[in-house]
Every structure is written in structure tokens, then in C-alpha cells.
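First the structure, in the form of C-alpha cells, and then the observations on it.
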Amino acid sequence: MFGVTTPCVNAVKERLVKDGYETLVFHATGPGGRAMEDLVRGGFIQGVLDITTTEVADYVVGGVMPCECSRFDAMIEKKIPSVVSVGTLDMVNFGAKTTIPSHLLK
């Protein structure tokens, strides 16, 4: 979940809970994605709806909340059902102006 994807994530979560599924929501802040991956690797998560992939954009462009290069590996390794969306893939997160790579300031 991350800002603009919150309404979608909340709607999906409500529907899954209504259908009897226990859900966890992770915030796409770098550590949030890694926590999800760790739980997947540990066998605690049986399916993933990866709606917010802004950590990937941060990884590619140099933002302040990047994922690791192995972002989707845990789901593949565990062979769990996964749906991956492009939610917020058009966004990169920067802090102060000094965190923006110089080639993007032109």
C-alpha cells in the first residue's frame, strides 16, 4: 500500500476478509516489501497481491525506498499464487533535493 493505491488495497482487503481470508497489508517503503518477502520465504504467506510496486521504480531510478534486486524471487521460489500490478510504478520517491540523482535535475 502506498498513497494512491490505498483505495484499491482497502477494497481488495475488504473483499478477501469478507470471503474468509486473513490478510496482511505491507507499506511499499522498502522495508515493507522486504518484510513481506521474508514472511513468504518463511511459509507464512500463501498468496500475494502485489498492487504497489513503487519500490521497484525506486530501485531502477535511485529513489529512497528501493526494493532489493530479488524483489519477486520469494514468490517464485515458494511457487505461491501471485498477482503483480503496476500500481505506482510511475512514481519514484525522493527526500530532500540532495537525494535526487543529478541527471534527473536537468
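The values are calculated or read from the model by the stated rules, or taken from the named source; none is laboratory data. What you see is a predicted model; the values in this text were computed from it and never measured. Glycine also receives a Cβ, built like all others from the backbone with ideal geometry; neighbour counts cover every protein chain displayed.
What number of residues within the range 16-51 satisfy the criterion of being modelled with pLDDT of 95 or more and among the hydroxyl-bearing types (Ser, Thr, Tyr)?
Residues meeting the conditions: 2.
With Thr29, Thr53, Thr5 as the choices, which residue is in contact (Cβ under 8 Å) with a residue 40 or more places away in the chain, buried (at least 16 other Cβ atoms within 10 Å of the Cβ) and not aliphatic (A, V, I, L, M)?
Testing whether each residue is in contact (Cβ under 8 Å) with a residue 40 or more places away in the chain, buried (at least 16 other Cβ atoms within 10 Å of the Cβ) and not aliphatic (A, V, I, L, M) leaves just Thr5.
Being under 30 Å from Leu104 (Cβ atoms) and out of contact with any Asp or Glu (no Cβ under 9 Å at 6 or more places or on another chain), is that true of even one residue in the range 67-75?
Yes: one or more hits.
Which number in (1) crowded, with 19+ Cβ neighbours inside 10 Å; (2) aromatic (Phe, Trp, Tyr); (3) over 24 Å from Val4 (Cβ atoms) marks the one condition that Tyr59 misses?
Result: Tyr59 fails condition (3) only.
Among what's in the range 8-26 and is surrounded by fewer than 19 Cβ atoms within 10 Å (Cβ to Cβ) and outside any helix (DSSP H, G or I), pick the residue that is nearest to the chain's Cα centre (by Cα).
Per the stated criteria, the residue is Val25.
Yes or no, residue by residue, for (1) among the hydrophobic types (A, V, I, L, M, F, W, C); (2) part of a loop (DSSP other than H, G, I, E, B); (3) in contact with a helix residue (DSSP H, G or I) (Cβ under 9 Å, 6 or more places away or on another chain):
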position: Ile45; (1), (2), (3): yes, yes, yes
position: Tyr59; (1), (2), (3): no, no, no
position: Gly63; (1), (2), (3): no, yes, yes
position: Pro66; (1), (2), (3): no, yes, yes
position: Gly95; (1), (2), (3): no, yes, no
